[in-house]
Structures are given as structure tokens and as C-alpha cells.
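The structure under discussion appears below in the form of C-alpha cells.
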Amino acid sequence: MTARITVLGAGFGGMELSTILSESLGNEVQVTLIDKSDAFVFGYSKLDLMFGHTTLDAVRLPYRNFVKPGVRLLHESVTAIDPTTRRVTTDIGTHDCDYLVVALGAGYDLAATPGLEGANEFYSLAGANLLRQILPGFAKGHAVIGVCGAPYKCPPAPSECALMLHDLLAARGVRDQCDITMVLPLSSPVPPSPDTSRALIAAFAERDIKFMPNRRIASVDPGRRVATLDDGSELPYDLFLGVPKHRAPAVVEASGMALDGWVPVNPRTLETRFPNVYAVGDIANTGTPKAGVFAEGAAKAVATSLVSRIRGEGEGSLYSGAGTCYIEFGAGRIGRVDVDFFSGPKPTGTYHEPNVALRADKELFGASRRARWFGL
């Protein structure tokens, strides 16, 4: 009997998982991949879009180009999940399966931060595209880059935003008329790698960017143009660039799978407490960062486990908890940090100093995934 696997979410985790299952099992398996969107966008593309380095059409990769033997990709919205029976309900119909993988990612809870819905955020595609139109009009005043809660996707992104904003204003000759402040609810920009954090903090100092660690944006008043921090202090602004509080999608919380906002899993196998139900990527509480490369690594572990179980060939591989992140340092230079969460007694991060040559590595990272998933 052909095994039925339903994968919810066509991000890094969902697409890599489906690709491996197709490569390994082909038509021996029936994979149903479901996503409410009609296109995929790399997370790092949002900063390029926001700062005018690309266009919305250029960063969208239509799912119609994701074609794999044994996989059908459905453009549907998930409305209910029953992890006990492994039945998924969408706006179109229902899907039953033998194995369920939830890879719906982290959602943005703008309502959790009063006033944020009336301000600007750059983590959604729509928010980044709107700021692409707003930023050219900012030439004087105080810009605040504020994170409203942790954990959040792509930990280096707020730092990248600050450095790229500096470059934009400097190129336009108005940097001396603008102040930049970054508010972060972490002790450092990249906690697993002290060397990376020190390099970013030094880059802030060189560019006269004020860094406020261990602080969270508690509310925003767009009328007064004031952000209130979690200690009650106020931060006036002329331009606010927010990172919304993240949460599991409401449909996952309603399913009973989530605990304290995220889905608990065995961090090495990605198994949930429900038999034959897995969670991968940003939605899973693995202790690793919420970033595409880590979702991809988790998907590889789940894929090998499913292949082994379906073929009765023993155990699959474990999730390594390791990944590489590229960091925009400005002036065309890219840094890199290789992070490992599971090999030793505590997470470690190996820092590679920024240079222009690493840009080719970052571009290859994107190009290789486009080719693998979309044949482009």
C-alpha cells in the first residue's frame, strides 16, 4: 500500500522534505504538500526588497515550478488539524494521511504589541515592500529598529537592517542628519557566537548606531511617534522599523499541538507527542534558531526517518542542529557564522570575517536551492 504523507507549509522545511521523499521513493509514496501562498520568497530577499536592491516580482518563485514525482502541491489554506487522526482540513476539503509533517512556520502577532499595526514592520513581504516606498522619503530624524519579542526568525536580520540603513543614508548624503537606534530583547546580536556579536557591535560603533540590548518594544504610538520599551522608558522616532512578536499560527494552537506558543518535539528526531506526526522549522521548539537553513536540516532528518520506516530499513539520521548564516555588514561585505547547537555541551558559533568574496557564497546558497526546488 502506498504511504500517504501530508506536509503543511512549502517553506525551506516543506520543500526540502518533499524533494528528498520524491528522490528517494518517487511514486512509491504519495506526498501532499499544502501552502496558502502561490509563491516562495527567501527570507533574506525581504531586506534586498526593502532597500531597493530588487523588486517584488524578482523575489517571488511561483510554486507552479515546484514539480516532483510523487508530490502534489496544493494551493489551499489549512483551517483545522487533528493530530490524533492525522486529518487536515483546508478551505477546499480534507486530507487524511499515514504521516503528518507540520512545517507552517512562525506567524506574526502584530496585535501583541499595541500600536504596531499602525507602524511599519519589515519581516513580512508586504511590510518590506511598503518600506521600499517609504525609505526614500526619510532624510532627517531618528530611525528606530525595534524587536517586539523573542524568539524571532533570522536573529542577525535586525543588525543587517541597521547596517544597510546606514549605507542607504550615507549614499544619499543624509547620514549626518539621521540617528539610528536598534532595540533588541537579547544580550547580544548573535548569542551563540560571541565573536560574531563583537564584530557587529564594533560595526555599530564605527557607524554611530546606538545598540540597546536586553530591551523589548512593548508598544508603539504612531500618532506621537514614540516607542515604549519594556522598562517603561520612551523612545521618540521619525521612522520605526519593527520586528513583530512571533507565534505559531492560530490553526496550530487550536490543534492542541502547541505549548507556550510553539510545538514541542524531540529535538533530534522532530517527533511530536502524537504518533507519526512531526514538526519542522520555525514552528518546532528544537532549541535551534528560527532560520531557513535549520528548517532544511530538520527536514533532512525527518525525510531519512520516513524513508527508513516506509522501507523497513532501520532508523534514519538525527537532526544535527548545525547551520550557516550569512550576515550583511554593509559596503558590499558579507560575514558568515557556522553555528552548532548539539555537538557539544553548549552551542558554538565559528565566525568568518566579512569580505566581498563571501557574497558569492551567499548567492550560491540561494541559486542552489532555486535549482533544486524549482529547476531554475
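Brief remarks follow.
- Top-ranked residue of segment 24-59 - restricted to ones that are of a type outside the set (Val, Ile, Thr), without any contact (Cβ under 8 Å) to a residue 24 or more places away in the chain and open to solvent by 50 Å² or more (accessible area, probe 1.4 Å), ranked as farthest from Leu100 (Cα to Cα): His53
- Pairs with Cβ under 8 Å, 6+ apart, first in segment 111-127 and on the phi > 0 side of the Ramachandran plot, second among the small types (Gly, Ala, Ser) and surrounded by 14 or more Cβ atoms within 10 Å (Cβ to Cβ): Gly115/Ser219
- Checked against the criterion of being hydroxyl-bearing (Ser, Thr, Tyr) and closer than 30 Å to Leu169 by Cα, segment 15-34 has no qualifying residue.
- Considering Ser368, Ser343, the condition of being at pLDDT 95 or above, within 30 Å of Ser24 (Cβ to Cβ) and of a type in the set (Gly, Ala, Ser) is satisfied by Ser368 alone.
- Residue list for segment 75-120, restricted to those being farther than 30 Å from Phe138 by Cα and in contact with a Pro (Cβ under 6 Å, 6 or more places away or on another chain): Leu104
- Test: residue in segment 242-256 that is buried (at least 17 other Cβ atoms within 10 Å of the Cβ), outside any helix (DSSP H, G or I) and among the charged types (D, E, K, R): yes
- Filter result for Ala150 (touching a residue at least 40 places away in the same chain (Cβ under 8 Å) and surrounded by 23 or more Cβ atoms within 10 Å (Cβ to Cβ)): no
- Yes/no for Val356 being under 26 Å from Leu17 (Cα atoms) and among the aliphatic types (A, V, I, L, M): no
- Filtering segment 232-255 to residues that are among the polar types (S, T, N, Q) and on the phi > 0 side of the Ramachandran plot leaves nothing.
- The set of residues from segment 89-141 being among the β-branched types (Val, Ile, Thr) and either surrounded by fewer than 21 Cβ atoms within 10 Å (Cβ to Cβ) or over 24 Å from the mean Cα position of the chain (by Cα) (or both) comprises Thr89, Thr90, Ile92, Thr94, Ile134.
- Each residue in segment 191-224 was checked for being in a loop (DSSP other than H, G, I, E, B), at pLDDT 95 or above and not small (Gly, Ala, Ser), and 8 pass.
- Scope segment 258-272; condition closer than 23 Å to Ser343 by Cα, free of Cβ contacts under 8 Å to residues at least 40 places away in the same chain and either open to solvent by 50 Å² or more (accessible area, probe 1.4 Å) or not in a loop (DSSP other than H, G, I, E, B) (or both); matching residues: Pro264, Asn266, Glu271
Every residue, every condition in (1) open to solvent by 30 Å² or more (accessible area, probe 1.4 Å); (2) touching a Cys at 6+ places or on another chain (Cβ under 8 Å); (3) not small (Gly, Ala, Ser), yes or no:
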| site | (1), (2), (3) |
| --- | --- |
| Glu296 | no, no, yes |
| Val307 | no, no, yes |
| Tyr326 | yes, no, yes |
| Pro345 | yes, no, yes |
| Thr348 | yes, no, yes |
| Ala367 | yes, no, no |
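- Candidates Leu376, Leu318, filtered to the one that is surrounded by 15 or more Cβ atoms within 10 Å (Cβ to Cβ) and either polar (S, T, N, Q) or within 23 Å of Glu23 (Cβ to Cβ) (or both): Leu318
- All told, Gly349 meets the bar of being under 16 Å from Pro156 (Cβ atoms) and modelled with pLDDT under 95.
- For segment 195-211, the candidate set comprises residues that are open to solvent by 10 Å² or more (accessible area, probe 1.4 Å) and in contact (Cβ under 8 Å) with a residue 60 or more places away in the chain; within that set, the residue that is nearest to Gly146 (Cα to Cα) is Arg207.
- Scanning segment 173-182 finds one or more residues that are under 30 Å from Thr348 (Cα atoms), in contact with a strand residue (DSSP E or B) (Cβ under 9 Å, 6 or more places away or on another chain) and not hydrophobic (A, V, I, L, M, F, W, C).
- Scope segment 273-294; condition closer than 15 Å to Gly256 by Cβ, open to solvent by 20 Å² or more (accessible area, probe 1.4 Å) and either among the hydrophobic types (A, V, I, L, M, F, W, C) or in contact (Cβ under 8 Å) with a residue 40 or more places away in the chain (or both); matching residues: Phe274
- Selection within segment 156-187: residues that are assigned to a helix (DSSP H, G or I) and more than 20 Å from Leu49 (Cα to Cα). The member of this set that is most open to solvent (accessible area, probe 1.4 Å) is Asp176.
The values are calculated or read from the model by the stated rules, or taken from the named source; none is laboratory data. In this text, all values refer to a predicted model and were calculated from it rather than measured experimentally. Cβ: placed from backbone, ideal geometry, glycine included. Neighbour counts: every protein chain shown. Remember, those area values only see protein heavy atoms, side chains included, never the ligands or the DNA or RNA. Shrake-Rupley method; radii C 1.70, N 1.55, O 1.52, S 1.80 Å.
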